[in-house]
Structure formats: structure tokens, C-alpha cells
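Student: Dropping a structure here in C-alpha cells format, bear with me for questions.
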């Protein structure tokens, strides 16, 4: 989890079935987006001039709740077929299935997920999972072969919550500890050194290269070619992420920002989509948002959302499959709504 255990349930909970309804809902969604943006402008203007948000502004503010993005939450209310606990919803259960086991759950809590193409020089893909340990202990990076489901190795890195991991331009980036000023940081590791360590016996310690880089947010990370995305989690409302250009030496140059959903824990970047994994608490369902790639404003008619099991974290794609990581299988959360010990996988094109 990114913050405390007492998270509140999100407000973006309207009940809409995605299948067969998105085209008919376009005009309504556009209007809801306009309403929400006008609310922000109205309330911001009132605050700017020292006027309390009362009267029309307050009434419009209430309408903003109803104007939130609609998420498909239709569910049987029965136990799920391929994971413990109550089903997240028809849409999720139709698209996803159980994937490889998540390693390290008795002692570590998984957070970030990154796909590594041709990690061994032989054309094989690998899924990297970052996980934090018990207080004061080193974090870990696990490497799992999605084809066999086997853990090919793991390495230790300096203590951190490890909330995000990403691969971009020959580097592995991992969320570091907050600096002395309390700001987020990102560490970088050479992929060649990481590959050698994963192939070695035991759990070798891998040092970061250079100093950690301060960023706006690093609650989650995602890589896309020579671009690193890093964003800030918020359980109170929407936040933003930044795109960073990655130089050959791993140096980051800050690019533009993007609006992200409330409670974002992970991001998958495909050829034409941003897919956000969001969650708020161990006892409520998570959400998956499918948004046009490059969209800086998520209130657009093409945005889709559907429920997923509780405590979703990182998400990434490899070989045409999307993989979602859950932290609920960790030793810390035996009382989670859905205690999930496997990655879940789905066809990227089916999302």
C-alpha cells in the first residue's frame, strides 16, 4: 500500500456495464466531463476571490460527484472462480485468468511490475517484481519467467518501499526512499548488472548507479521505449504523473504531465492506451482504467473503467499479455477482501 490502511472507498463508483453501452453513453460522458471541469473552475474561482463555495457553486460541487467517470461494477456477488473471495465483476472475470505465482509473499510485499524483453539475450521475456521487506530490511527484485511460471532469481537492493519498477533505455528504475526534504526519488540500476545478479546463486545485493533522482512522484513507474513515467498516488482525489526522457546514461529530463485517476498504483503503456491500476483499501474492489495513450485529461468519452480485485498494484504487458500484480497475498493482509497469490493475466487487445 502507498499510505495508511484506513483508506476510504473511492467516489468513482457509478454503475454502468461497459459492453454494448459505451457508444450510447458518449454524449452523457462528454457532458459529465464538461460538468466536472466547470465545477473545478467555479470552485477555484470562488476560492481565488475569497468567496465561500456556497449557493450555486456548492450545488454544482455536489453534481461533480455524479459527474465522475463511470466504472462497470456489475458482479454476481458470488465467489470468484480463479481467485479467493467475492468476484470483482463480470468484466474482469471474463477478461482475466490466473497467471504465475507471486514470489516472496511470506516475507515481502509486492508493489511494482515491469516487463523485460529479451532479458537473457536469447529472446526470453521476464517479469520483474519489486517488493519491500519488513521494517529496516532490504527490498527485493524478483524475476519470474511468465512461460514456465518459475522464479529464475531474486536480488536485494537498499531498503525502500519499492512502490514502482520500470525498464527504459537499458536501465531499471526503482522508487527510492524519500530524500531529506521528503520528496520522492527514483534510483537506476544497469540492466546488465541486474541480469548477472539474477542468474547468480542466492540473493546478491545490487547497488544503484549514481545518486537517486528527485521527482514529483514515484508511487508507480512505467517504461515505454526511451520514456519513463512516474506519478504520485492520492487517495483523496486525482493526481498527476510526468513523462521523463531517458538518456543513454540514465539521466532523466522532465517532460509533460498527465492527469491520473484517484488511487493510481500502476500504469501499463501499450501502443495506443494508458491502463491504470488503482486501489484504495484491502476491503474494497480496485479499478482498471483504460484511457487513450497520451491523454493529459482523463475525462474523455473513450475512457473505460471496470472493477478488479482488491489491492491491485503494478501492471505491465509482455508478449501481448497484460499482467496485474496484487499485494493482498502478502503476509501483512490475511484479512483482505481478495487474498491473491498469483499474477493475473489477460490479452492486451481484449482490454
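Student: Among the residues of segment 182-196, which ones are crowded, with 21+ Cβ neighbours inside 10 Å and closer than 22 Å to residue 121 by Cα?
Tutor: Within segment 182-196, the first condition is being crowded, with 21+ Cβ neighbours inside 10 Å, and the residues that meet it are 184, 186-189, 194.
If the condition is that a residue be crowded, with 21+ Cβ neighbours inside 10 Å and closer than 22 Å to residue 121 by Cα, then 188, 189, 194 are the ones that fit.
Student: Only one of these conditions is not met by residue 335: (1) surrounded by fewer than 18 Cβ atoms within 10 Å (Cβ to Cβ); (2) out of contact with any strand residue (DSSP E or B) (no Cβ under 9 Å at 6 or more places or on another chain); (3) in contact (Cβ under 8 Å) with a residue 60 or more places away in the chain. Which number is it?
Tutor: Of the numbered conditions (1) surrounded by fewer than 18 Cβ atoms within 10 Å (Cβ to Cβ); (2) out of contact with any strand residue (DSSP E or B) (no Cβ under 9 Å at 6 or more places or on another chain); (3) in contact (Cβ under 8 Å) with a residue 60 or more places away in the chain, the odd one out for residue 335 is (3).
Student: Okay, next question. Given the structure, is residue 174 surrounded by fewer than 23 Cβ atoms within 10 Å (Cβ to Cβ) and part of a strand (DSSP E or B)?
Tutor: No: the conditions fail for residue 174.
Student: Working only within segment 197-231, note down all residues that are more than 19 Å from the chain's Cα centre (by Cα), part of a strand (DSSP E or B) and buried (at least 17 other Cβ atoms within 10 Å of the Cβ).
Tutor: Scanning segment 197-231 gives a single hit, 213.
Student: Which of (1) farther than 16 Å from residue 327 by Cβ; (2) surrounded by 23 or more Cβ atoms within 10 Å (Cβ to Cβ); (3) over 18 Å from the mean Cα position of the chain (by Cα) is the odd one out, the single condition residue 139 does not satisfy?
Tutor: Residue 139 satisfies every listed condition except (1).
Student: Does residue 83 satisfy the criteria of being at pLDDT 95 or above, crowded, with 23+ Cβ neighbours inside 10 Å, out of contact with any strand residue (DSSP E or B) (no Cβ under 6 Å at 6 or more places or on another chain) and under 21 Å from residue 336 (Cβ atoms)?
Tutor: Values: at pLDDT 95 or above: yes; crowded, with 23+ Cβ neighbours inside 10 Å: yes; out of contact with any strand residue (DSSP E or B) (no Cβ under 6 Å at 6 or more places or on another chain): yes; under 21 Å from residue 336 (Cβ atoms): yes.
Spelling it out, residue 83 is indeed at pLDDT 95 or above, crowded, with 23+ Cβ neighbours inside 10 Å, out of contact with any strand residue (DSSP E or B) (no Cβ under 6 Å at 6 or more places or on another chain) and under 21 Å from residue 336 (Cβ atoms).
Student: Can you tell me which residue is farthest from residue 197 (Cα to Cα) among those in segment 118-136 that are in contact with a strand residue (DSSP E or B) (Cβ under 7 Å, 6 or more places away or on another chain) and not in a strand (DSSP E or B)?
Tutor: 133
The values are calculated or read from the model by the stated rules, or taken from the named source; none is laboratory data. It should be emphasised that the depicted structure is a prediction, and the values quoted were computed from it without experimental measurement. Neighbour counts are summed over all protein chains in view; Cβ atoms, including those assigned to glycine, are modelled from backbone coordinates with ideal geometry.
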